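Structure, as structure tokens:
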Amino acid sequence: MNDNFELYNLKVEVIAGDRPMICKHKVGDYFLVIGEEIIFPENNSFSLYALSAILPLLPAKQRHLHQNDWMLSDSLIACPDPNCGALFKITRIGKQIFSHDECTVVPIDKGDK
Ligand SMILES: [Zn+2]
């Protein structure tokens, strides 16, 4: 039985908003999300507070969404510091195929629905 499923790979990048950045973000800093892995380039740092605001959205953005779902249309996340103008843009950068059995020990037909 084919147990494959697809997830989008993501790029999360610092972009400038319409207000100055207060934190140490730099425009163009980014990380990638591939499956369950977050990949930081060696020369990047990333605010843990900003990361905490972004993390809850990533699993949804990895998955196919209904065309009317706001999670599909909305891709800009604000810095959680209310005085900071940084924005973090989530972009889908392709897909990758994963195997259910390589991701979990729970059988496909036994999981809670
Ligand atoms: Zn900030």
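Please treat every number below as a calculation from the coordinates, not as lab data. Please read all numbers here as calculations on a predicted model, not as lab measurements. Here Cβ is always computed from backbone atoms with ideal geometry, including for glycine, and neighbour counts include all displayed protein chains.
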### Query
Of everything in segment 83-99 that's within 16 Å of the ligand (Cβ to nearest atom) and farther than 19 Å from residue 31 by Cβ, which residue is surrounded by the fewest Cβ atoms within 10 Å (Cβ to Cβ)?
83
### Task
Report yes if residue 17 is within 14 Å of the ligand (Cβ to nearest atom) and outside any helix (DSSP H, G or I), otherwise no.
yes
### Task
Run down 65, 87, 51 and say which single residue is in contact with a Leu (Cβ under 6 Å, 6 or more places away or on another chain) and either farther than 30 Å from residue 1 by Cα or among the hydroxyl-bearing types (Ser, Thr, Tyr) (or both).
87
### Positions within segment 34-54 being closer than 25 Å to residue 103 by Cβ and charged (D, E, K, R), in sequence order
36, 37
### Message
Of everything in segment 43-82, what is away from the ligand (no atom under 15 Å from the Cβ) and outside any loop (DSSP other than H, G, I, E, B)? Give them in sequence order.
### Response
55, 56, 57, 58, 59, 60, 61, 62, 70, 71, 72, 73
### Message
Pairs needed: first member in segment 22-42, free of Cβ contacts under 8 Å to residues at least 24 places away in the same chain and part of a loop (DSSP other than H, G, I, E, B); second member anywhere, β-branched (Val, Ile, Thr) and within 16 Å of the ligand (Cβ to nearest atom); C-beta distance under 7 Å; at least 6 residues apart or different chains.
### Response
26/14; 27/14; 27/15; 28/14; 29/14
